[in-house]
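First up is the structure itself, then whatever we jot down about it.
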Amino acid sequence: MSRREFTGEMLGTFILTFFGCGSVAVATLFGEYSGIFQIGLVWGVAVTLAIYLTRHLSNAHLNPAVTLAMVAAGRMRGDKIGLYLAAQFLGAFAAGWALLALFSPSIEMFESSRGIIRGEASSVVTAKIFGEFYPSPGSGAVVGMPLAMAAEFVGAFLLVLAIMGLTDGANAGRPSSSIAPLFIGLTVSSVIWLIAPLTQAGINPARDLGPRLVAAMAGWGSAAFPDDCGGFLWVYILAPAAGGIAAALLEPLMKKVNRLSSED
C-alpha cells in the first residue's frame, strides 16, 4: 500500500511539474504563448491529468500544502506525511532534471544570444523556468516579501478550500468524482491567473523546491533563489503550507453549512 501511494504521488507530481514548468520554458525560450492565460491553462490541464492518472494509486494530493491540509482536517493519518512529502519532492526534482535535459541546448542558445551569464543576477530570466521569483520577472509588479507571502498564502488557501468543498460528501452541490479533477485543475488555473504576476504562483512547495534545486545544481547557483534573505523558504514553502492548513481548519464550519443546506 505504501509503495503504491509513494509511486502515485511521485508520478503525479512529476507529471504536473513537467508539463507546467515545461510551459514556462516554451514561453520563455520560444515565445510560443501570448500571455498568462495560456500558461495558467496548461498548468490546470497538467494538474487535471496528473490526478486522473494517479488517483487510483494514492489520494492524488501532489502538493505538500494539500497533504498537510488533509492531515489537519482529519482526512488522512498523520503517519503518512513523510511518505507523501518525500514522493512529491522527489517527483518534482526528477521533473526538473527531465526538463533540463530536454531544453538544455535551447537554454544555452537563449543565454548566449542575449549575453546572459548563468549564475549572475540577469540569469533569473532562465532560472524562472525552474523556480518562482517575486515579483514575477518582467511583470512590472511591485512585490516585497510580506506581500509575496500573502499572495502564496491566499493562493494555497483558495486551492485547498476548493478541494475540500469539491470532495466533501456532505456538499450536495459537489460534482461527481469523475469530473472533480477538472474543477480542481480550473481552480489551479484561476489562482495562477490571479497571483502569477506577483509571485509566479507557486502554491506548491514541492513544485517549487524540486526544480529550484535542479537549477541551483546546474549552474544558476544563488541566482536560482529569489533573494538573499531566505525568501524562497518563507514565500514558496511556508506560506503555501500555512494557507493549506488554514483552509483545512475551516472544514468543520464548511461541513456544518453543507449539512444545513442539505436539510433545507
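The values are calculated or read from the model by the stated rules, or taken from the named source; none is laboratory data. Predicted model only: the values in this text are computed from it and were never measured. All Cβ positions, even for glycine, are placed from backbone atoms using ideal geometry, and neighbour counts span all protein chains on display.
Within the stretch 174-186, if we keep just the residues that are touching a Gly at 6+ places or on another chain (Cβ under 8 Å) and touching a residue at least 24 places away in the same chain (Cβ under 8 Å), the residue that is surrounded by the most Cβ atoms within 10 Å (Cβ to Cβ) turns out to be Gly185.
Inspect all residues belonging to the stretch 81-95 and state whether any of them is more than 21 Å from Ala156 (Cα to Cα) and of a type in the set (Gly, Ala, Ser). Yes, that holds for at least one residue. Only one of the numbered conditions (1) in contact with a Pro (Cβ under 9 Å, 6 or more places away or on another chain); (2) modelled with pLDDT under 95 is violated by Ala248, and that is (1).
Tyr33 meets each of the listed conditions (1) without any contact (Cβ under 8 Å) to a residue 12 or more places away in the chain; (2) in contact with a Phe, Trp or Tyr (Cβ under 8 Å, 6 or more places away or on another chain); (3) among the aromatic types (Phe, Trp, Tyr) apart from (2).
Let's see how each residue does on (1) part of a helix (DSSP H, G or I); (2) touching a helix residue (DSSP H, G or I) at 6+ places or on another chain (Cβ under 8 Å):
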site: Val124; (1), (2): yes, yes
site: Val142; (1), (2): no, no
site: Pro146; (1), (2): yes, no
site: Phe153; (1), (2): yes, yes
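Among what's in the stretch 192-235 and is more than 25 Å from Pro105 (Cβ to Cβ) and without any contact (Cβ under 8 Å) to a residue 60 or more places away in the chain, pick the residue that is surrounded by the most Cβ atoms within 10 Å (Cβ to Cβ). Checked the stretch 192-235; the qualifying residue surrounded by the most Cβ atoms within 10 Å (Cβ to Cβ) is Ile195.
The residue pairs whose first member lies in the stretch 125-139 and is under 14 Å from Phe110 (Cβ atoms), whose second member is acidic (Asp, Glu) and part of a helix (DSSP H, G or I), and whose beta carbons are closer than 8 Å, counting only pairs six or more residues apart or on different chains, are Thr126/Glu111.
Can you tell me which of Gly131, Gly119 is of a type outside the set (A, V, I, L, M), assigned to a loop (DSSP other than H, G, I, E, B), in contact with a helix residue (DSSP H, G or I) (Cβ under 7 Å, 6 or more places away or on another chain) and surrounded by fewer than 18 Cβ atoms within 10 Å (Cβ to Cβ)? That would be Gly119, the only listed residue that is of a type outside the set (A, V, I, L, M), assigned to a loop (DSSP other than H, G, I, E, B), in contact with a helix residue (DSSP H, G or I) (Cβ under 7 Å, 6 or more places away or on another chain) and surrounded by fewer than 18 Cβ atoms within 10 Å (Cβ to Cβ). For the stretch 175-191, the criterion of being of a type in the set (Phe, Trp, Tyr) and farther than 20 Å from Val45 by Cβ is met by no residue.
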